[in-house]
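The values are calculated or read from the model by the stated rules, or taken from the named source; none is laboratory data. This structure is a prediction, so every number in the text was calculated from the model and none was measured. Every residue, glycine among them, receives a Cβ derived from its backbone with ideal geometry; neighbour counts consider all protein chains shown.
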């Protein structure tokens with residue numbers, strides 16, 4: 001991930017939640033030339049690369065969201081997810097998913113703006129340079 005993607009307010013990740021991960025991988029690999037790599041985190045997760053750059057992920061819709069239509073979601077980096085989640089509520093928005101840890105990745109939440117659009121916000125864990 002580039003430093004620009006770690007900047008407060010920058011779109012930093014794209015994620016597809018779908019009912020057919022294998023079908024989605026095949027479709028986007030053929031359509032866009034993406035490469036994919038399956039990983040085991042707390043669940044099976046597929047990393048998506050454009051060239052050698054990680055640009056997003058694909059995952060099955062989790063059981064707690066059963067019935068949700070497959071969809072892409074964008075993540076915006078924020079300096080502090082908890083403070084940003086509080087500000088969302090102060091500005092008339094709602095929390096769809098409260099601030100939640102993703103081990104070794106960071107902390108995220110899903111918000112809904114006053115008009116009904118949803119967006120994910122994330123604060124990444126600082127990783128040592130390799």
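The table that follows gives values for the structure above.
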| read-out | value |
| --- | --- |
| Residues located in segment 61-75, provided they are assigned to a strand (DSSP E or B) and surrounded by fewer than 17 Cβ atoms within 10 Å (Cβ to Cβ) | 71, 72, 73, 74 |
| Long-range neighbours under 9 Å by Cβ, at least six apart or interchain, first residue free of Cβ contacts under 8 Å to residues at least 40 places away in the same chain and at positive phi within segment 14-34, second surrounded by 12 or more Cβ atoms within 10 Å (Cβ to Cβ) and in a strand (DSSP E or B) | 33/50 |
| Residue match in segment 11-18 (condition: part of a strand (DSSP E or B) and exposed (fewer than 14 other Cβ atoms within 10 Å of the Cβ)) | yes |
| Restricting segment 49-67 to residues that are under 16 Å from the mean Cα position of the chain (by Cα) and more than 27 Å from residue 3 (Cβ to Cβ), the residue that is modelled with the lowest pLDDT | 65 |
| Single residue of 91, 86, 95 found to be in contact with a helix residue (DSSP H, G or I) (Cβ under 7 Å, 6 or more places away or on another chain), at pLDDT 95 or above and surrounded by fewer than 18 Cβ atoms within 10 Å (Cβ to Cβ) | 95 |
| Flag if residue 98 is within 17 Å of the chain's Cα centre (by Cα) and farther than 20 Å from residue 21 by Cα | yes |
| Top-ranked residue in segment 76-112 [being touching a strand residue (DSSP E or B) at 6+ places or on another chain (Cβ under 9 Å) and assigned to a helix (DSSP H, G or I); ranked as nearest to residue 15 (Cα to Cα)] | 81 |
| Check on residue 37, over 30 Å from residue 88 (Cβ atoms), at pLDDT 95 or above and assigned to a strand (DSSP E or B) | yes |
